[in-house]
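To start, the structure itself, in structure tokens.
The values are calculated or read from the model by the stated rules, or taken from the named source; none is laboratory data. Values in this document were obtained by computation on a predicted structure and should not be read as measured data. Backbone-built Cβ (ideal geometry, glycine too); neighbour counts: all protein chains shown. SASA here: full protein model, heavy atoms, side chains in, ligands and nucleic acids out. Shrake-Rupley method; radii C 1.70, N 1.55, O 1.52, S 1.80 Å.
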Amino acid sequence: MVGPVIFGDQLILGIETSCDETSAAVVRGQRVLSNPIRSQLDLHEKWGGVVPEAAARQHIEAILPVVDSALDEAGLGLNDLAGIAVTNRPGLVGALSVGVTYAKGLAYALSKPLIGVHHLEGHLVSPFLSRANPAPLPERFLALIVSGGHTELVAVRGLGNYEILAQTIDDAAGEAFDKSARLLGLGTPGGKAIQELARSGDPRRYALPRPMLHDPQRLSFSGLKTAVLRTVELEGAGLDRPGLAASLQAAIVDSLTSKVVGQFEQEEWSDFALVGGVAANVALRERLQFECQKRGVRCLIPEFEFCTDNAAMIALAGAWRLATGQKSDFSLACLPNADLPAHPGLVA
Ligand code: KG4
Ligand code: ZN
């Protein structure tokens, strides 16, 4: 075990605006002092998806009040901060630009270090955040990142040292939930709505595909949404909606679990982390906890507050980078696509 010192104990402000949540947070080491999140879900719901231009405009309106409430809640002022961490990649460029430009201005005016953070590195450290009792960071762990934009199985061989072992070749797991929820006329976020409806359904009601179950490196979810559409059309008024929601959830859980179990058979792991918005799914959490327990693997899952996009995870990744002497310069760019860093010390 590496002690908590790896994250330092300085006060770091985190800023997250990569998609449709404006969030700011203050952390001291692994402890979260504040983490307000302003969601744009209502704004984008009427268009059936995130509209990049509208997202950027909404971040502009929200960023100052959200940072103010993060500082107020923490009982701190700007001068108390040791550094400013901001998501600069990957994400919607217009949305990222709002957070990055704001963070640069703040860092410049206060003469404090600026740290650009990869959004997925934020998700990877999210199980180690807490307001009360943070979990210790293992030296290495296997992580499944499942969100609206990503589905990746990652070998974390120390922070900053990431190897992608498996990933989706088309849609992300969260996208499969969201698109199917739309087909079923459910609200957003789709994953949560499907989970609620699935509670009263039979997961064996409809036979849905689980492609690439035995391929250790690849996942695919686009066929699932087509199968859901076909079922909705075929069944018409006789559709068993809870049954379809439960069958869909079971297909996604099976597909994801097969990759994790396959990796447990390939390599010895004593710690596993489930992260990203879809980590809020109770069926997925329970299934992976069960698979871990069977093998004596510790299963790390973020508290619900830190599963979906939030700035506390960005602040924590930034805290680690700053504690290890890394920072960005003021030419920090916003990148729509970017691989997870393969070596520690790679700060953009
Ligand atoms: O990590 P996140 O907030 O944003 C991205 O980085 O994409 O993940 C959002 C995704 C959405 O697809 C949403 O439907 C899904 O997380 N999600 C869930 C649940 N809560 C949120 N999926 C399944 N079950 C849930 N309870
Ligand atoms: Zn995310």
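Roughly speaking, what is the stretch gain from residue 170 to residue 254, that is 0.36 nm per residue apart minus the C-alpha to C-alpha distance, in nm to one decimal?
Additional length available on full extension: 28.5 nm.
Quick one: helix 93-110 against the long Cα principal axis of the chain, what's the angle to the nearest 10°, folded into 0 to 90?
Between helix and principal axis, roughly 20 degrees.
Not counting ligands, DNA or RNA, and with a 1.4 Å probe, what is residue 61's accessible surface area in Å² rounded to the nearest 10?
Number for this one is 130 Å².
With the alpha-carbon atoms as the only input, what is the per residue convex hull volume for the range 149-202 in Å³?
Considering the Cα atoms of the range 149-202, their hull volume per residue is 124 Å³.
Return the whole-Å distance between the Cα centroid of the range 28-53 and the Cα centroid of the range 255-278.
27
What is the extension gain from residue 45 to residue 226, computed as 0.36 nm multiplied by their sequence separation minus the C-alpha to C-alpha distance, in nm to one decimal?
63.0 nm
Any idea what angle helix 241-266 forms with the longest principal axis of the chain, computed on alpha-carbon atoms, 0 to 90 degrees, nearest 10?
Rounded to the nearest ten degrees, it is 60.
Between residue 333 and residue 111, what length in nm is gained on full extension when 0.36 nm per residue of separation is reduced by their alpha carbon distance?
Stretched out fully, the residue 333 to residue 111 stretch lengthens by 78.0 nm.
Under a plain spin-label model, where a point goes 7 Å from the Cα along Cα-to-Cβ, how far apart in nm are residue 133 and residue 207?
Distance between the two pseudo-spin positions: 4.7 nm.
Compute the angle between helix 52-74 and the longest alpha-carbon principal axis of the chain, please, reported from 0 to 90 degrees and rounded to the nearest 10.
Relative to the chain, helix 52-74 is tipped by roughly 60 degrees.
Restricting to bridges with both residues inside the chain, how much of the DSSP beta-bridge set is antiparallel, in percent to the nearest 5?
The answer is about 55 percent antiparallel.
Gap in Å between the Cα centre of the range 135-209 and the Cα centre of the range 120-134?
Between the Cα centre of the range 120-134 and that of the range 135-209, the gap is 18 Å.
Under a Cβ-only charge scheme (Lys and Arg +1, Asp and Glu -1), can you give me the dipole magnitude of the range 217-348 about the Cα centre, in debye to the nearest 20?
60
Show that you can apply the helix-only estimate: for the chain, add -39,500 (n - 2.57) for every DSSP H stretch of four or more residues, divide by all residues, and state [θ] at 222 nm to the nearest 500.
That calculation yields -13000 deg cm²/dmol at 222 nm.
Using a 1.4 angstrom probe on the protein heavy atoms only, line up 343, 123 by accessible area, largest first.
My answer, sorted largest first, is 343, 123.
Scan the chain and report its longest stretch carrying no chymotrypsin sites (Phe, Trp or Tyr not before Pro) that are both in a DSSP loop and have at most 12 other Cβ atoms within 10 Å.
48-329
Using Cα pairs under 8 angstrom and six or more residues apart, how large is the relative contact order of the chain, in percent?
Answer for the chain is 25 percent.
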